[in-house]
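> Could you have a look at this structure, given as structure tokens, before my questions?
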Amino acid sequence: MSQKNMRNIGIMAHIDAGKTTTTERILYYTGKSHRIGEVDNGNATMDWMEQEQNRGITIVSAATTCYWKDHQINIIDTPGHVDFTAEVERSLRVLDGAVAVFCAVGGVEPQSETVWHQADRYEVPRIAYINKMDRTGADFFEVIKEIREKLGAVPVPLALPIGKENDYEGNIDLLLMKEIRWNPDNQGETFTISDIAPERQELADEWRESMIDALSAYSDEMTELFLEGEDVPLELIQKVIRQETINRSIVPIFTGSSLKNKGVQPVLDAVINFLPAPDDLPPVRCHHSKKDEDMLLERDENGPLAGLIFKIQQDKEAGPLCFVRVYSGELKSGTAVMNIDKKKRERVNRLLRMHSNHHEQISSVHAGDIAVVIGMKNAQTGDTIGSEGYPIILEKMNFPDPVISVAIEPKTISDQDKLKSALEYLKMEDPTFTAKENEETGQLIISGMGELHLDVLVTRIKDEYKVAANIGNPQVSYRESITQAVTHTELFSKVLGGKEHTAEITLKIEPLERGSGNRFTSEVKKTVLPVDFQEAVERGIRSSMTSGTLMGYETIDIGVTLTAAGFNELTASELAYQSAASLGFDNALRKAAPVLLEPVMNVDIMCPAEYVGDVISSLTQRGGLVSSIESRPAFELVIAQAPLVKMFGYTTTLRSQTQGRGTFAMEFSHFAAKEG
Ligand SMILES: Nc1nc2c(ncn2[C@@H]2O[C@H](COP(=O)(O)OP(=O)(O)OP(=O)(O)O)[C@@H](O)[C@H]2O)c(=O)[nH]1
């Protein structure tokens, strides 16, 4: 299939907005799903992993292919929970467009804002679908207002709901100027089209006019027709919508109730009519690793091979399944490719296309498309695969810091081995967690991005990899830094194997602004201390930076300058300089008024107005600072920041405090000096 007839889309939503239900309906209507898997029964076909089914939420993104009106649509499932932002980011990276699902009752919730802004960062064109029009409290026009005001987008409704809540009947299609009602007898597979009822004509005209008015801003041709009072042809309207959706100047709005099988097919039409084909998008930013220069890569099927491994899933029989998005060239089964990041050749034993409930073996996959490669051994999420002769690296993905940890203690020696291999597998799949041995206690500590993230990892280690282990309580991952600048001279002298090793260095260490990371520079001339020895100094410092002197946490935001060095040709060794640097850095750290830094989280809480007082006082007790309270139609939104350590178990507190009606979203904001 040519790139023009291909779409790579994601369905993004706040948790519970109905992403899974909508995806299920899409798969049903596209004829690939032969039954509708209800989320509530826990048998949705997109939710592959057992665990997801138990939790009833979607955690891992999987790419699923379906076909609609001569187009191939690859759906990349994106998780809605903030603990899984890395999953969202990696999906956004390989999408060309997205359908943002909102709940007609909840509207734009804090988590939808987070995901929306992530999509802005990745420049993903979007259409929006306002779901759950059948629910009590559904308010289409309020959600549109929120999309404009809270997300700063330009919503252009292309459909209006007829009725709402129990009386939600169907939609007015503002492009066709017709009413559409879905047939309840065949799960909405067919629908009837009728003229707009007289009592709705005025409303429809008004919104049609405001649609043409909004679009005219982008088209002189349309403006002229509009001003002359002439009809604007459908083709022109569609052309302008497509162009401006892809430019990200507008967001076409659709509505429906996925659960009641209403409104989904127009969204599929919009995916092919208004969201970009892979080659509608600008060339891909990448880096030529041999020439060491940044470049733009054309999205050309006949170009050099470049693909991004955006997801790895372990399969007990087949080994790692590597989901690859191909940006240029062709990837063929039975050939060898280069993993450019790892500088290793890899076999493409088999290529698969994934459908919702089966897979299909294919012989090749072209630029623009997504497939699963079986056979790669060294791949890790985020790696680029390409050709040896043309080694380019696609842009890396951004992953936030892991801020929460648990100790994990295997029960037997055999569990220890199983744990080791489980962690290796999980690392391939998920680059956002770390596993590290505590030097003092010998305990293995795994760190992730939130309580739920760790919980999922631990459950997988126990259930999927059958490791029997004791799990500690979640702990915050602190960092260490300094508050003063100091200069320190370290002299090193040791006799090893009958030979004397000496080094002398002077280091200046100083606090850097939060978030700047660590920096090493040298002011010492190479004639004073040869390059190899300067590199040994940097190695020593970098290794010491991984554990601070207060409690052994990683040190951050420290600038180190090598200001002077002594060099004795007879006794100098790299080992001596590396050791001097390690010890010198630690000694300097102790003198520089070190501080422990703790992760501070952005916390957004939604609850009915009557609970706001209690919510604020419990947040304040937890060291939280409330920055604002916003009124929403049905809820109040409390926006605050609080130290992560105080937020453990907050879900339970909030639930009992608000009789189950409060929800919250939490995301890492920054590290700050720990109080007390
Ligand atoms: N009334 C009503 N309920 C809906 C509709 N769509 C989905 N739901 C219900 O809303 C709940 C959440 O739907 P899901 O499809 O699981 O939502 P999701 O966004 O995928 O949620 P996560 O997988 O948890 O991120 C389920 O109980 C659905 O049955 C709808 O159109 N109307």
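The values are calculated or read from the model by the stated rules, or taken from the named source; none is laboratory data. Because the structure is a prediction, the values reported are computed rather than measured. A quick note on method: Cβ atoms are made from the backbone with ideal geometry, for glycine too, and the neighbour counts reach across all protein chains shown. All accessible areas refer to the heavy atoms of the entire protein, side chains included, with ligands and DNA or RNA removed. Shrake-Rupley method; radii C 1.70, N 1.55, O 1.52, S 1.80 Å.
> Against the longest principal axis of the chain, how steep is helix 413-429, in degrees 0 to 90 to the nearest 10, with axes from Cα atoms?
So the helix axis and the longest Cα principal axis differ by about 60 degrees.
> Which order, highest average first, do 492-499, 645-652, 302-309 follow once you tally other Cβ atoms within 10 Å for each residue and take the mean per peptide? Kindly include the intermediate steps, with their values, before the conclusion.
Numbers: 492-499: 11.0, 645-652: 16.5, 302-309: 21.4.
Highest mean packing first, the order is 302-309, 645-652, 492-499.
> For segment 481-592, what is the percent of antiparallel DSSP beta bridges, rounded to the nearest 5?
Roughly 80 percent of the DSSP beta bridges within segment 481-592 come out antiparallel.
> Relative to the Cα centre, what is the charge dipole magnitude of the chain, using +1 at the beta carbon of each Lys and Arg, -1 at the beta carbon of each Asp and Glu, and rounding to the nearest 20 debye? Please list the in-between numbers first.
On the way: 70 positive and 100 negative charges, 465 e Å.
Dipole magnitude for the chain comes out near 2240 debye.
> Taking the simple approach of a point 7 Å from Cα along Cα-to-Cβ for both residue 631 and residue 470, what is their distance in nm?
Simple spin-label model gives 5.4 nm for this pair.
> Next question, about the same structure. Which lysines, on any chain, are close to residue 526 with Cα under 28 Å apart, when same-chain ones fewer than 8 places away are left out?
290, 291, 494, 499, 508
> If r is the Cβ-Cβ distance from residue 673 to residue 218 and R0 is 45 Å, what FRET efficiency results, to the nearest 0.05?
Approximately 0.35, to the nearest 0.05.
> If you average 1/r over all unlike Cα pairs in segment 376-471 and invert the result, what Kirkwood radius do you get in angstrom? Write down the numbers at each step before the final one.
On the way: mean 1/r = 0.0676 Å⁻¹.
One over the average 1/r among Cα pairs gives 14.8 Å for segment 376-471.
> Using only the Cα atoms of segment 481-592, what semi-axes does the equivalent ellipsoid have when each is the square root of 5 times a gyration tensor eigenvalue? Give whole Å, largest first. Each step should come with its number before you reach the end.
On the way: eigenvalues 119, 43, 24 Å².
The answer is 24, 15, 11 Å, longest axis first.
> While we're here: Tell me the per residue accessible area of the chain using a 1.4 Å probe; a whole number in Å² is fine.
Details: 29380 Å² over 676 residues.
With the other protein chains kept in place, the chain gives 43 Å² per residue.
> Follow-up question, since we're still on this one. Place a +1 charge on the Cβ of each Lys and Arg in segment 192-315 and a -1 charge on the Cβ of each Asp and Glu, then give the dipole magnitude about the Cα centre in debye, rounded to the nearest 20. Intermediate results must be reported in sequence, preceding the final value.
Values: 12 positive and 25 negative charges, 196 e Å.
I would put it at about 940 debye.
> Give me, ordered by chain and number, the residues 5 or more places off residue 129 or on other chains with an amide H under 5 Å from its own placed amide H.
100, 101, 102, 254
> Just list whichever of 411/674; 19/69; 4/316; 436/646 have alpha carbons separated by over 28 Å in the model shown.
Values: 411/674 34 Å; 19/69 22 Å; 4/316 36 Å; 436/646 24 Å.
Exceeds cut-off: 411/674; 4/316.
> In nm, to one decimal, how far is the residue 571 label point from the residue 656 one, both placed 7 Å along Cα→Cβ?
A separation of 6.6 nm, rounded to one decimal place.
> Putting +1 on Lys and Arg Cβ atoms and -1 on Asp and Glu Cβ atoms, find which of 11, 545, 238 reaches farthest to the positive end of the dipole of the chain.
Working it through, the farthest residue towards the positive pole turns out to be 545.
> Next question. At 1.4 Å probe size, with the rest of the protein present, what percent of the exposed accessible area of the chain is carbon and sulfur atoms?
Values: 14060 of 29380 Å².
Ligands and nucleic acids excluded, carbon and sulfur reach 48 percent.
> If you line up the Cα atoms of the chain on their principal axes, what length do they span on each, largest first, in Å?
Cα extents, longest axis first: 100, 63, 57 Å.
> For a quick protection proxy, order the peptides 407-414, 370-377 by their average other-Cβ count within 10 Å, most packed first. Display every interim value, and only then the final one.
Numbers: 407-414: 14.5, 370-377: 22.4.
Per-residue mean Cβ counts within 10 Å order the peptides as 370-377, 407-414.
> Compare the peptides 204-212, 17-25, 557-565 by average per-residue count of other Cβ atoms within 10 angstrom and give them in order, highest first. Kindly include the intermediate steps, with their values, before the conclusion.
Working: 204-212: 16.4, 17-25: 26.1, 557-565: 20.4.
Packing proxy ranking, top to bottom: 17-25, 557-565, 204-212.
> Can you pull out the trypsin sites (Lys or Arg not before Pro) in segment 453-484 whose DSSP state is coil and whose Cβ has at most 13 other Cβ atoms within 10 Å?
On the way: sites: 460, 462, 466, 479; in loops: 466.
Filter output for segment 453-484: 466.
> Which loop GluC sites (Glu not before Pro) in segment 411-506, with loop taken from DSSP, have no more than 13 other Cβ atoms within 10 angstrom of their Cβ? Write out the running numbers ahead of the final one.
Numbers: sites: 424, 429, 437, 439, 440, 451, 464, 480, 490, 500, 504; in loops: 439, 440.
When the GluC sites (Glu not before Pro) of segment 411-506 are filtered for loop state and at most 13 Cβ neighbours within 10 Å, 439, 440 remain.
> Also, quick follow-up: Computed FRET efficiency, Cβ-Cβ of residue 546 and residue 621, R0 45 Å: what is it to the nearest 0.05? Don't skip to the answer; put the middle values down first.
Details: r = 35 Å, r/R0 = 0.77.
That pair, residue 546 with residue 621, gives E of 0.80.
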